[in-house]
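Here's the structure, in structure tokens; my notes come after.
The values are calculated or read from the model by the stated rules, or taken from the named source; none is laboratory data. In this text, all values refer to a predicted model and were calculated from it rather than measured experimentally. Counting neighbours? That spans all protein chains shown, and the Cβs are built from the backbone with ideal geometry, glycine included. Just so you know, the surface numbers come from the protein's heavy atoms only, side chains and all, with ligands and any DNA or RNA stripped out. Shrake-Rupley method; radii C 1.70, N 1.55, O 1.52, S 1.80 Å.
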Amino acid sequence: MAGEVFHQVPIPERFVLRVMSSITEWVEQEIDTEEPARTPAGREPVIAFELPPIPDFTGEADIWPAEHLLALSRDHQAKTAGIITKMLDHLSDQPGRFYPSSLIAQEIDVPEGSVTAALRWLNRYIPSRFGRSDRPFSQVSGTYGVTAAQAEAWRAVR
């Protein structure tokens with residue numbers, strides 16, 4: 001970054017992570033292609049970001065057993081389970097990347113309000129269905145993702 005000129009730009013707090021993510025993505029794409037990043041016509045860019053390693057983030061306690069994951073993926077009666085299944089399918093394609101619920105909703109083609117409601121309902125659904133309180137994905141600072149181990153466990157039952 002030597003020789004780069006930097007500017008201070010006021011950004012509303014709710015957009016800071018998106019802007020930082022976009023900048024990171026653009027820099028990575030320029031490094032990979034040595035050309036400026038471009039968004040394909042007719043498609044909104046997906047903004048995701050990688051977080052630094054978090055202690056105990058990949059521990060065994062974060063990985064649901066196969067029978068619970070399978071039951072979740074096959075629960076066609078609960079709308080929450082269907083949305084979370086789509087979410088886990090998407091997150092498992094890129095382990096280690098964390099997305100806000102708004103971008104997850106966009107990627108899995110589910111209204112944002114439905115994704116938000118499903119995430120809230122998990123607090124009741126998971127304990128009543130599985131007798132546990134943890135989730136089959138990780139949540140960090142309002143974003144959602146899976147570790148490589150969580151993704152592998154999910155893909156094994158799908």
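If you check A156 against the conditions, is it among the aliphatic types (A, V, I, L, M), part of a helix (DSSP H, G or I) and closer than 27 Å to M20 by Cβ? Judged against the criteria, A156 is not a match. Looking only at residues of segment 125-138 that are part of a helix (DSSP H, G or I) and in contact with a Ser or Thr (Cβ under 9 Å, 6 or more places away or on another chain), we find that the one that is most open to solvent (accessible area, probe 1.4 Å) is P127.
Quick one: which of T143, T116 is surrounded by 15 or more Cβ atoms within 10 Å (Cβ to Cβ), touching a strand residue (DSSP E or B) at 6+ places or on another chain (Cβ under 6 Å) and not hydrophobic (A, V, I, L, M, F, W, C)? Exactly one residue qualifies, and that residue is T143.
Of the residues examined, H76 is not one that is open to solvent by 20 Å² or more (accessible area, probe 1.4 Å), at negative phi and either in a helix (DSSP H, G or I) or touching a residue at least 40 places away in the same chain (Cβ under 8 Å) (or both).
Could you grab me the full set of residues in segment 79-94 that are assigned to a loop (DSSP other than H, G, I, E, B) and buried (at least 17 other Cβ atoms within 10 Å of the Cβ)? Answer for segment 79-94, where residues must be assigned to a loop (DSSP other than H, G, I, E, B) and buried (at least 17 other Cβ atoms within 10 Å of the Cβ): there is none.
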